[in-house]
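The values are calculated or read from the model by the stated rules, or taken from the named source; none is laboratory data. Computed from a prediction, not measured in an experiment: that's the story for all the values here. Every residue, glycine as well, gets a Cβ built from its backbone with ideal geometry; the counts of neighbours run over all protein chains shown.
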Amino acid sequence: MQKHILYDQLISILAPLCEEHNVAIWGIELILASPKHRIVRIFIDSPQGVTIDTCAAFSRQASVLLDVEDIIAGAYNLEVSSPGLDRIFFSPEQLDGFLNKTVKLTLNAPRQGRKQFRGILTSRTGDTFALRLDDQSEHEFSWGETKKLRLVFTG
């Protein structure tokens with residue numbers, strides 16, 4: 001099954017559980033740990049943040065739902081957590097609440113001879129966002145060229 005189809009199915013199956021716990025799914029990572037084993041990592045969040053108790057309760061109930069629906073082939077481990085202080089961004093819309101924060105960007109392909117950039121997130125318009133690097137230069141990037149974008153906790 002293709003990742004985006006599985007992702008959409010997971011969102012649909014877990015929607016009632018999100019409502020029950022007053023959380024939203026921040027993102028989902030599907031990791032192939034070995035040829036026969038996957039890790040399904042679900043990040044949940046709310047405006048008030050989430051507690052370890054909320055994550056544990058959500059995980060127990062999600063595990064039952066996913067076993068009943070049986071949409072994940074083979075063995076897998078389910079991990080549920082908050083996105084954390086160094087959260088990964090899963091969509092460009094998620095950037096809006098983090099303008100003027102430090103982020104670390106990894107690109108799919110090198111630009112100016114490098115794949116990694118660190119800077120202040122200065123703007124987002126549609127699928128394009130801008131970073132101000134340490135040398136004060138401003139660079140625009142598209143979401144399509146982004147492999148991973150993560151918030152940097154600065155204390």
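Summary table
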item	result
Single condition Ala73 does not satisfy, out of (1) touching a residue at least 60 places away in the same chain (Cβ under 8 Å); (2) surrounded by fewer than 12 Cβ atoms within 10 Å (Cβ to Cβ); (3) in contact with a Gly (Cβ under 7 Å, 6 or more places away or on another chain)	(3)
Those residues of segment 109-148 which are among the acidic types (Asp, Glu) and over 17 Å from the mean Cα position of the chain (by Cα), in sequence order	Asp134, Asp135, Glu138, Glu140
Breaking point among (1) in contact (Cβ under 8 Å) with a residue 12 or more places away in the chain; (2) farther than 29 Å from Trp143 by Cβ, for Asp53	(1)
Residues that are touching a residue at least 40 places away in the same chain (Cβ under 8 Å) and either assigned to a strand (DSSP E or B) or in the same structural domain as Gly27 (by TED's automatic domain parsing) (or both), drawn from segment 103-151	Val103, Lys104, Leu105, Thr106, Leu107, Thr146, Lys147, Lys148, Leu149, Arg150, Leu151
Strands (runs of 3 or more DSSP E) wholly inside segment 1-82 containing at least 2 residues that are within 21 Å of Gln94 (Cβ to Cβ) and among the β-branched types (Val, Ile, Thr)	24-34, 37-45
Residue check, Gly97 within 30 Å of Glu138 (Cα to Cα) and part of a strand (DSSP E or B)	no
Among the residues listed as Leu99, Leu151, the single one being more than 22 Å from Cys55 (Cβ to Cβ), touching a Lys or Arg at 6+ places or on another chain (Cβ under 8 Å) and surrounded by 13 or more Cβ atoms within 10 Å (Cβ to Cβ)	Leu99
Only listed residue being touching a Cys at 6+ places or on another chain (Cβ under 9 Å) and of a type in the set (Ser, Thr, Tyr), chosen from Ser82, Ser63	Ser82
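Rundown of residues vs (1) modelled with pLDDT of 90 or more; (2) crowded, with 17+ Cβ neighbours inside 10 Å; (3) under 13 Å from the mean Cα position of the chain (by Cα), yes/no style:
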| residue | (1), (2), (3) |
| --- | --- |
| Pro16 | yes, no, no |
| Ile25 | yes, yes, yes |
| Lys36 | no, no, no |
| Ile39 | yes, no, no |
| Ile44 | yes, yes, yes |
| Thr51 | yes, no, no |
| Leu65 | yes, no, no |
| Pro92 | yes, yes, yes |
